[in-house]
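Novice: To start, I am sharing the structure in question, which I have written as C-alpha cells.
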Amino acid sequence: MPKDITRQSVLFPNLFRRPVVAKFDQRHGSSDGGAILLKACDDRLGLTERLAIVIVDTRQAGKVEHSIRDLVRQRLYGIACGYPDGNDAARLGEDPIQKLLVGRDPLSGPTLASQPTLSRFENAPRRADLYRMGEALAECVIERHRKRLGRRVKRITVDLDPTDDPTHGAQQLTFFNGHYNTWCYLPVAGFVTFNNEPEQYLFCYVLRPGNAPAKQGAIGILDRMIERLRSAFPKVRILVRLDGGFGGPELLNFLEESKVDYIIGMAENKVLKRRARRLSKRRGKTANVFGETLYAARSWKGRKRRVLIKAEVVRQEGRQPKDNARYVGTNLKGSPRHLYKRVYCMRAAIEKRLKELHHGLEIDRTSCTNFLANQLRVLLTAAAYVLMQELRLSARGGECARAQVSTLRERLLKLGVWVERSVRRIVLHLPVSFAYRRDWLRIARSVGAVPA
C-alpha cells in the first residue's frame with residue numbers, strides 16, 4: 001500500500017447529512033475473508049498437494065523463490081475467488097488472505113508470485129505432468145466420495161460431454177468448428193453421479209483441438225475411470241451415459257466388453273426414421289410415442305442392439321407435419337418411456353455444471369499461445385471447481401446447499417476482513433452484520449473448525 005494515500009480517497013460532500021470520505025487505507029484488510037473455507041476444503045481433499053507433487057520441477061534450485069505447490073495454490077485459490085487471469089497477481093501480491101491461503105504470514109510474509117512468474121509456471125509443465133495431474137484430480141474425487149459414501153453406493157453414472165471454448169488469437173491447435181460457427185477448442189468434461197444424488201461431480205476436463213470429433217479420447221477416459229471406480233467400489237453398477245456424438249462401434253464394443261450399462265444417443269438414419277414414422281401414425285396430433293427395435297448398423301457387422309425410439313410428429317395448422325424423432329441405444333432393461341425420460345434425459349443436468357465452469361469460473365480463459373499451457377489452465381480451473389463442489393457439499397442443510405458457484409463466492413468468500421496477528425495466533429475480524437454468518441459458521445464447523 002503506498003504511503004501517500006491522498007489519491008486513494010474520495011469525498012462525497014452532499015450525499016448524506018454529513019460529508020462522507022472513502023479511504024483505501026486499511027493496510028491489513030482483504031475482500032476475500034471467507035476464502036479460508038477453500039483452504040479447509042482443500043486440506044480435507046488433499047487436492048493441491050496431489051496436483052503439485054506430480055509436476056516435475058526443472059528449475060535451478062538456487063534461483064527458486066516460489067515452490068510449485070505455492071504456485072499451484074496461488075493460481076487455484078485465485079481462480080476460485082474470481083481472479084481467472086494471471087494479470088490479477090499484480091493486484092493480489094500483498095493481499096493478506098491470499099498470502100495466508102498459500103501458507104505465508106499474512107502481514108509480513110513475502111509477496112506472492114508475479115504475473116511473469118505465473119506465466120513461466122503455466123508454460124513449464126510437460127505432457128506427462130499434465131497427464132499425471134489429470135489422474136490426480138480423478139483419484140482425489142473418487143477417494144473423497146469413497147470415504148463419504150462407502151458401501152452405500154449402489155450405482156455410479158459416468159457422463160461425458162463436449163463443450164466449446166472459443167479462441168480469439170493464435171493459440172496452438174485452434175480450428176474453425178462449423179457446429180459452433182467459431183474458432184475454438186473442443187474440450188470434453190467428465191462427471192460422476194452417485195446413486196440418485198442431484199450433484200454431478202467433475203472428475204476430468206480435457207482440452208482438445210477445435211476440429212476434434214466428440215468421441216476423440218472417450219475410450220481412454222472411460223477405461224481409466226471404470227477401472228478406478230471398480231477398485232474403489234467393487235460391487236457397484238456403472239452406467240455410462242453419452243450423447244449422440246460419442247456413438248460408434250468401437251465405443252459400444254468397449255462398453256460391452258467392460259460389462260457396464262450404457263445409454264447413448266444415436267444419429268438419425270433412414271431405417272430408424274421409417275420405423276419412427278410408423279410409430280408416430282398412431283395419433284393425428286403433436287404427440288410423443290415411445291417404442292423400441294433391434295437394429296444393426298452396417299458398421300456393427302450384423303450385431304443387433306436395442307434402440308429406443310421417441311417418435312414425435314409436430315403438427316401445426318396450415319403446415320406439413322414435421323418429424324422430430326430421437327434414437328437411443330442401450331443395454332438397460334425397462335420401458336422405452338422410462339429409460340428415455342428418467343435415465344437418458346437426466347443428463348441434461350450436466351449443462352448446469354458446464355455453465356458454472358464457463359460463467360462462474362471462466363474455464364474458457366485459454367489465452368496462452370501454447371496448447372499445453374492452456375491445458376494446465378483448465379486443469380487448475382477444474383480443480384478450483386472441485387473445491388467449490390466440496391464447499392457446496394459442506395453447505396447441506398443451509399441456504400447455500402444448491403447455490404451456483406458465483407453465488408457461493410458472493411455469499412461465502414467475498415467477505416471483508418481485517419487481519420490481526422499476534423505471537424500465538426492470527427485473528428480474522430469479520431463483519432458482525434454478515435448476512436450469511438450462520439451458513440458460514442455451519443460450513444466452517446463441517447470442514448474442521450471448532451468453537452473458539
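Novice: Restricting to the stretch 350-379, what's the tally of residues that are open to solvent by less than 20 Å² (accessible area, probe 1.4 Å) and under 13 Å from residue 81 (Cα atoms)?
Specialist: Residues meeting the conditions: 2.
Novice: Looking at (1) open to solvent by less than 50 Å² (accessible area, probe 1.4 Å); (2) assigned to a helix (DSSP H, G or I), find the lone condition where residue 82 falls short.
Specialist: Only one criterion in (1) open to solvent by less than 50 Å² (accessible area, probe 1.4 Å); (2) assigned to a helix (DSSP H, G or I) is unmet by residue 82, namely (2).
Novice: Evaluate the stretch 373-392: report whether one residue or more is modelled with pLDDT of 90 or more, assigned to a helix (DSSP H, G or I), over 30 Å from residue 134 (Cα atoms) and among the basic types (Lys, Arg).
Specialist: To start, the set of residues in the stretch 373-392 that are modelled with pLDDT of 90 or more comprises 373-392.
Cutting the leftovers down to assigned to a helix (DSSP H, G or I) gives us 373-392.
Subset that is over 30 Å from residue 134 (Cα atoms): none.
Checked against the condition, which is being modelled with pLDDT of 90 or more, assigned to a helix (DSSP H, G or I), over 30 Å from residue 134 (Cα atoms) and among the basic types (Lys, Arg), the stretch 373-392 yields no hits at all.
Novice: Take residue 419 and tell me if it is crowded, with 20+ Cβ neighbours inside 10 Å, in contact with a Gly (Cβ under 6 Å, 6 or more places away or on another chain) and not in a helix (DSSP H, G or I). Break it down stepwise before answering.
Specialist: On the way: crowded, with 20+ Cβ neighbours inside 10 Å: yes; in contact with a Gly (Cβ under 6 Å, 6 or more places away or on another chain): no; not in a helix (DSSP H, G or I): yes.
No; evaluated as a whole, the condition is false for this residue.
Novice: Looking only at the stretch 48-60, filter to residues that are over 21 Å from the mean Cα position of the chain (by Cα) and charged (D, E, K, R); which one of those is least open to solvent (accessible area, probe 1.4 Å)?
Specialist: 57
Novice: How many of the residues making up the stretch 115-158 are open to solvent by 50 Å² or more (accessible area, probe 1.4 Å) and either among the aromatic types (Phe, Trp, Tyr) or farther than 27 Å from residue 226 by Cα (or both)?
Specialist: Final tally of qualifying residues: 6.
Novice: Continuing with the same structure: If I ask for residues that are modelled with pLDDT under 85 and out of contact with any helix residue (DSSP H, G or I) (no Cβ under 8 Å at 6 or more places or on another chain), which ones from the stretch 311-346 would you list?
Specialist: Of the residues in the stretch 311-346, the ones modelled with pLDDT under 85 are 311-325.
Those that are modelled with pLDDT under 85 and out of contact with any helix residue (DSSP H, G or I) (no Cβ under 8 Å at 6 or more places or on another chain): 314, 315, 316, 317, 318, 319, 320, 321, 322, 324.
Novice: Of the conditions (1) under 16 Å from the mean Cα position of the chain (by Cα); (2) exposed (fewer than 14 other Cβ atoms within 10 Å of the Cβ), residue 181 clears all except one; give me its number.
Specialist: It fails just one condition, (1).
Novice: Same structure, new question: May I ask you to verify whether residue 369 is in a loop (DSSP other than H, G, I, E, B) and under 25 Å from residue 186 (Cβ atoms)?
Specialist: For residue 369, the condition - in a loop (DSSP other than H, G, I, E, B) and under 25 Å from residue 186 (Cβ atoms) - is met.
Novice: Regarding the stretch 61-79, can at least one residue be identified that is farther than 23 Å from residue 119 by Cβ and either β-branched (Val, Ile, Thr) or surrounded by 11 or more Cβ atoms within 10 Å (Cβ to Cβ) (or both)? Before the answer, list the steps.
Specialist: Just the residues of the stretch 61-79 that are farther than 23 Å from residue 119 by Cβ, to begin with: none.
No: zero hits.
Novice: Of a type outside the set (Lys, Arg) and either assigned to a helix (DSSP H, G or I) or open to solvent by 10 Å² or more (accessible area, probe 1.4 Å) (or both): is that true of residue 106 in this structure?
Specialist: Numbers: of a type outside the set (Lys, Arg): yes; either assigned to a helix (DSSP H, G or I) or open to solvent by 10 Å² or more (accessible area, probe 1.4 Å) (or both): no.
Spelling it out, it is not the case that residue 106 is of a type outside the set (Lys, Arg) and either assigned to a helix (DSSP H, G or I) or open to solvent by 10 Å² or more (accessible area, probe 1.4 Å) (or both).
Novice: Here is a further query. Can you find even one residue in the stretch 182-198 that is among the hydrophobic types (A, V, I, L, M, F, W, C) and part of a loop (DSSP other than H, G, I, E, B)?
Specialist: Filtering the stretch 182-198 down to residues among the hydrophobic types (A, V, I, L, M, F, W, C) leaves 183-184, 186, 188-189, 191-192, 194.
Those left that are additionally part of a loop (DSSP other than H, G, I, E, B): 186.
Yes, because at least one residue in the stretch 182-198 is among the hydrophobic types (A, V, I, L, M, F, W, C) and part of a loop (DSSP other than H, G, I, E, B).
Novice: If you take the residues of the stretch 225-265 that are hydroxyl-bearing (Ser, Thr, Tyr) and more than 25 Å from residue 341 (Cα to Cα), which of them is least open to solvent (accessible area, probe 1.4 Å)? Outline the logic, then answer.
Specialist: Keep residues of the stretch 225-265 that are hydroxyl-bearing (Ser, Thr, Tyr), which gives 231, 258, 262.
So of that shortlist, the ones also more than 25 Å from residue 341 (Cα to Cα) come out as 231, 258.
Working: 231: 92, 258: 21 Å².
Per the stated criteria, the residue is 258.
Novice: The conditions are (1) under 20 Å from residue 68 (Cα atoms); (2) more than 15 Å from the chain's Cα centre (by Cα); (3) crowded, with 17+ Cβ neighbours inside 10 Å, and residue 383 fails exactly one of them. Which is it?
Specialist: Single failed check for residue 383: (2).
Novice: For residue 213, are the conditions met, namely being loosely packed, with under 14 Cβ neighbours inside 10 Å and within 18 Å of residue 145 (Cβ to Cβ)? Step through it out loud before you land on a result.
Specialist: Working: loosely packed, with under 14 Cβ neighbours inside 10 Å: yes; within 18 Å of residue 145 (Cβ to Cβ): no.
Here the answer is no, as residue 213 does not meet what is asked.
Novice: Can you tell me which residue in the stretch 17-42 is farthest from residue 444 (Cα to Cα), limited to those that are open to solvent by less than 60 Å² (accessible area, probe 1.4 Å) and among the aliphatic types (A, V, I, L, M)?
Specialist: 20
Novice: Is it true that some residue in the stretch 183-200 is touching a Pro at 6+ places or on another chain (Cβ under 6 Å), among the β-branched types (Val, Ile, Thr) and within 23 Å of residue 140 (Cα to Cα)?
Specialist: yes
Novice: Could you tell me whether residue 45 is buried (at least 16 other Cβ atoms within 10 Å of the Cβ), modelled with pLDDT under 95 and of a type outside the set (D, E, K, R)?
Specialist: On the way: buried (at least 16 other Cβ atoms within 10 Å of the Cβ): yes; modelled with pLDDT under 95: no; of a type outside the set (D, E, K, R): yes.
No; evaluated as a whole, the condition is false for this residue.
The values are calculated or read from the model by the stated rules, or taken from the named source; none is laboratory data. Note that the coordinates shown come from a computational prediction; the quantities given were computed from them, not determined experimentally. Every residue, glycine among them, receives a Cβ derived from its backbone with ideal geometry; neighbour counts consider all protein chains shown. Protein only, heavy atoms only, side chains kept; ligands, DNA and RNA dropped before computing areas. Shrake-Rupley method; radii C 1.70, N 1.55, O 1.52, S 1.80 Å.
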